[in-house]
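Working notes, beginning with the structure itself.
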């Protein structure tokens with residue numbers, strides 16, 4: 001593969017916890033801890049993990065919606081974590097986000113013409129209101145919204161339609177890279193497939209690159225070219241879609257995949273059920289963060305943080321037990 | 001899939017009501033608020049156009065007439081002077097209507113300027129947070145801890161002139177803090193909402209987010225606070241004028257009419273009644289209307 005479009009190196013995002021008499025920082029939530037991966041042009045990189053594993057935080061930190069604690073985010077050769085104010089603002093037209101919650105992410109006091117058209121106004125793309133509205137209508141048709149809804153407010157739409165509005169807002173600037181932050185998990189199952197197909201169509205038409213965040217393994221499998229498995233803010237395994245599902249190497253990935261129900265009552269399968277809950281990211285386990293729940297944990301796992309090693313071509317695993 | 005799409009479009013083809021239509025529908029259920037609204041419209045219209053229709057100018061003195069016992073000084077209400085006359089024989093009705101213009105103008109204008117300062121301070125403070133927030137809020141606290149009435153008196157004395165603008169200025173200086181705190185609180189919660197993040201993600205500047213995204217979403221509490229504030233400021237103006245530091249005679253205001261009347265309280269009680277009733281009804285109506293709006297604009301009113 002060629003140069004990556006987005007390259008994330010040793011990204012950390014710690015959220016401070018304030019407390020005590022003087023309100024000082026008493027601890028950190030280590031939401032994202034030393035995460036590295038590349039995203040190549042035109043692909044969909046799936047990001048999967050339990051709730052609390054830092055999926056959304058990674059997505060939002062890559063877009064500099066949260067300033068990273070440390071690490072680099074390289075977007076087409078620009079280290080965007082080094083950019084400030086106006087420069088970053090101007091570059092934002094190249095990378096966009098589709099939010100999880102189609103209700104909270106649309107300003108309730110704006111008609112959708114303004115919501116969808118705002119990126120054009122902010123980046124001074126067009127001179128006249130007419131040009132802006134023409135482009136808004138064009139994008140509305142592209143995402144499957146009827147143009148006559150242009151003056152309505154978000155509350156007049158259903159969840160699926162609202163998500164289409166959010167998608168329209170994200171693609172109106174023709175971005176190169178879009179973070180899809182669990183775009184379907186708030187929707188009815190019947191609407192989910194529509195939105196997923198829409199995202200696939202748009203990727204093809206507009207040559208988009210996606211970072212697709214989800215916790216639903218079926219959705220991830222359908223969407224992704226390559227998949228990153230997260231646990232407690234750290235990368236466990238990165239592999240090409242089919243390879244990850246067919247021969248997962250990391251014990252956490254194996255447990256995660258065996259939790260996916262198979263829609264066939266005849267098939268009995270051995271399930272690797274994990275004991276206990278995901279530990280607190282305020283005080284994560286030493287060494288490998290997964291060792292407290294790992295079926296194959298060894299003494300070394302408690303001591304040393306496993307390195308991310310390329311076991312096979314394009315298949316990265318962070319585990320002492322995998323040889 | 002075709003079925004669910006049809007269903008989806010079915011749901012949204014009806015013409016939905018706008019936000020303000022919903023608010024007004026809810027306000028209509030609040031009887032007292034609607035009565036108050038109607039009363040206030042009548043009072044405001046009367047003060048605005050009433051002075052053009054009354055027989056006497058507010059400074060005209062009705063001369064003593066040996067043949068007519070109802071004209072002259074200190075005359076009780078009669079068909080010649082509906083609300084009676086004062087110590088100089090001036091028509092009380094005309095003075096009430098004209099004074100109402102002054103009192104209401106002071107009420108509205110001082111609320112307006114206080115809101116502008118309060119929204120500005122509160123928005124900056126709530127949105128940016130950090131050291132700026134601490135500085136602005138401690139300054140607000142300091143302003144809050146100053147006993148208002150004595151200082152109003154001092155300020156009203158040292159600022160020269162007895163004009164309307166001086167009173168508006170003085171009331172504004174001590175009136176913006178509640179709004180600042182209110183708006184700060186609203187901004188603190190709004191800035192954590194996802195649509196604020198969405199605006200940042202598309203590259204909107206801070207000022208665009210503050211004024212274009214967050215301000216329209218904080219209008220409900222601002223409107224309620226303003227409505228209640230108009231009533232409160234009419235009381236302030238009346239108190240200041242009553243103490244003799246407000247609107248200076250001969251310009252009438254409801255407050256200085258009361259002050260004027262107290263020397264003749266027992267001989268000419270109508271001079272107390274009418275401005276007193278005017279203040280009472282107006283302020284009460286503003287308070288009821290504010291209460292009604294508070295319910296109608298309830299943030300739980302989901303769009």
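The values are calculated or read from the model by the stated rules, or taken from the named source; none is laboratory data. Since the structure is predicted, the reported quantities are computational estimates derived from the model, not experimental observations. Reconstructed Cβ throughout: ideal geometry from the backbone, glycine too, with neighbour counts over all protein chains shown.
Here are the numbers for this structure:
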| quantity | calculated |
| --- | --- |
| Flag for residue B:82 being touching a residue at least 24 places away in the same chain (Cβ under 8 Å), surrounded by fewer than 21 Cβ atoms within 10 Å (Cβ to Cβ) and touching a strand residue (DSSP E or B) at 6+ places or on another chain (Cβ under 9 Å) | no |
| Total residues in region B:216-238, condition more than 9 Å from chain A (Cβ to nearest Cβ) and closer than 17 Å to residue B:183 by Cβ | 11 |
| Test for residue B:111: is it over 19 Å from residue B:234 (Cα atoms), under 21 Å from the mean Cα position of the chain (by Cα) and surrounded by 19 or more Cβ atoms within 10 Å (Cβ to Cβ) | no |
| Filter result for residue A:169 (crowded, with 20+ Cβ neighbours inside 10 Å, under 25 Å from residue B:194 (Cα atoms) and touching a helix residue (DSSP H, G or I) at 6+ places or on another chain (Cβ under 7 Å)) | yes |
| Among residues of region A:122-169, those that are more than 10 Å from chain B (Cβ to nearest Cβ), outside any helix (DSSP H, G or I), under 14 Å from residue B:202 (Cβ atoms) and in contact (Cβ under 8 Å) with a residue 40 or more places away in the chain, counted | 1 |
| Test: residue in region A:267-275 that is surrounded by 13 or more Cβ atoms within 10 Å (Cβ to Cβ) and modelled with pLDDT under 85 | yes |
| Candidate set from region A:101-121 (those that are part of a helix (DSSP H, G or I) and buried (at least 20 other Cβ atoms within 10 Å of the Cβ)); member that is nearest to the other protein chains (Cβ to nearest Cβ) | A:119 |
| Qualifying residue in region A:88-100 (condition: more than 16 Å from the chain's Cα centre (by Cα), free of Cβ contacts under 8 Å to residues at least 40 places away in the same chain, over 27 Å from residue A:215 (Cβ atoms) and not in a helix (DSSP H, G or I)) | no |
| Of all residues in region B:151-195 being part of a helix (DSSP H, G or I), over 22 Å from the mean Cα position of the chain (by Cα) and away from chain A (no Cβ under 14 Å), the one that is modelled with the lowest pLDDT | B:157 |
| Any pair with Cβ under 7 angstrom, 6 or more apart, that starts in region A:194-210 at a residue that is away from chain B (no Cβ under 14 Å) and ends at one that is in a helix (DSSP H, G or I) | A:202/A:171; A:206/A:171; A:208/A:202; A:210/A:203 |
| Exclusive hit being more than 17 Å from residue B:235 (Cα to Cα), out of contact with any helix residue (DSSP H, G or I) (no Cβ under 6 Å at 6 or more places or on another chain) and surrounded by fewer than 23 Cβ atoms within 10 Å (Cβ to Cβ), set B:151, B:188, B:182, B:135 | B:135 |
